[in-house]
1. List 418, 295 from most exposed to least, where exposure is judged by having the fewest other Cβ atoms within 10 Å.
2. Extension gain residue 192-residue 377, at 0.36 nm per residue separation less the Cα-Cα distance, in nm?
3. State the extension gain, in nm to one decimal, for the chain segment bounded by residue 425 and residue 115, taking 0.36 nm per residue of separation less the distance between their alpha-carbons.
4. Once the principal axes of the Cα atoms of segment 363-413 are found, what is the range along each, listed largest first in whole angstroms?
5. Efficiency by 1/(1 + (r/R0)^6): what FRET value for residue 398 and residue 261, r their Cβ-Cβ distance, R0 = 30 Å, to the nearest 0.05?
6. Fewest to most neighbouring Cβ within 10 Å: what's the order for 42, 146?
7. On full extension of the chain, what length is gained from residue 88 through residue 453, given 0.36 nm per residue of separation minus the C-alpha to C-alpha distance?
8. Treat the count of other C-beta atoms within 10 Å as a stand-in for reagent exposure and order 383, 101, 286, 221 from fewest to most.
């Protein structure tokens, strides 16, 4: 049921408002970055998906600190599917949200670090691995180059201007290049293909405004001699001078265009709520088990139709799919969960079998795509980053990201429908068995009653005949 999918092709998302450079020059930048950008996935109590990039052929990979903190280990994957498991970090700088990993020596070109900061208005490109969308590059311009200083008390002071050698100065590059969930840790490149920073945060107060930890911070980290540290030993990140410049997203809600609020608490699974409201007999429950004997599906039904709650489980015992029905029709929330950590992967709301409300795809615990429906008719699509709407599409818009997202929704919908068909076939087969059993029992009872009635009629006939015989004998 895990629907996140990461492709290996770089798809270029171009914004019409920015001038297009020579195709060959731009293609060369894309291809170079395509070989050096990696997908990073952490494992352990914390699971995250992000990006990184090769900064040295010896095997040094730069990424974000916040991706690794709280995890046990991570996997680094190149575009050609080469994978490396990493349990240690070579160097970290929490305040700049940077970490450097070491993997085996590579036979691909590393990305070059810029020697100086960019200027406002410079064209830039962000590379990363947006969850479920594959490796991508988006285009924008530099909005500002800012910096903060951490003093000994952990307080920060903002400023602007070129970088300095002050080790407490954390430099940030702000741009309007779109980033999505999964871009964290990827490179921000100049029009010359040089690294200007490491994508770190999305500013939630504005549309298309993101921050990258500048190359000056990364250079200091690479030059600092540090001992390798186990990933499992990294402390959970706390607000730093750099990250404090970016507002933290709301924990449980997303504000949509027009002020509409989507509270994710409405998707919390509440067992039996719909069934109780519908007056369903909760004792009318059917179960399907795995070969191991563990429960695979538990459904409530009314005769041969689903009515109430249907819960499917992974063999580990974790929920796979929670669905609600009224008289055989989808009604309320459909919730699909990931197998690895049990987190939400997909939510859809239904009213009388039609999508009505929201359809949401999740990545790393947060929505990355929100689709609004009215009576099975799509109204709007919202791409999200860190609990904030990043871009809104109308259903008729022609956009590659929208096309791919809709295709994944359709694919997921087909998977859920096939699973639902299997459950419905099971319910119908059980109901058929029950009806056949009742018919057989009724047939046996009918035969018994018929025999009893025949015996009664025979007894009555015998009584009449005996009476006649007795009267005949007395007459003699």
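Taken together, the values in this text are just the output of simple stated rules run on the coordinates, not laboratory data. Not measured: the values here are computed from a predicted model. Note that we place each Cβ from the backbone using ideal geometry, even for glycine, and neighbour counts take in every protein chain shown.
1. Numbers: 418 9, 295 15.
If I rank by nearby Cβ atoms, fewest first, I get 418, 295.
2. Details: separation 185, 0.36 × 185 = 66.60 nm, distance 4.48 nm.
Length gained, residue 192 through residue 377: 62.1 nm.
3. Gain on extension, residue 425 to residue 115, equals 105.1 nm.
4. 26, 24, 21
5. Working: r = 29 Å, r/R0 = 0.98.
Efficiency computed from Cβ-Cβ geometry: 0.55.
6. Details: 42 22, 146 18.
Ranked by crowding around the Cβ, least crowded first: 146, 42.
7. Numbers: separation 365, 0.36 × 365 = 131.40 nm, distance 8.68 nm.
Here the answer is 122.7 nm.
8. Lowest to highest Cβ neighbour count: 286, 221, 383, 101.
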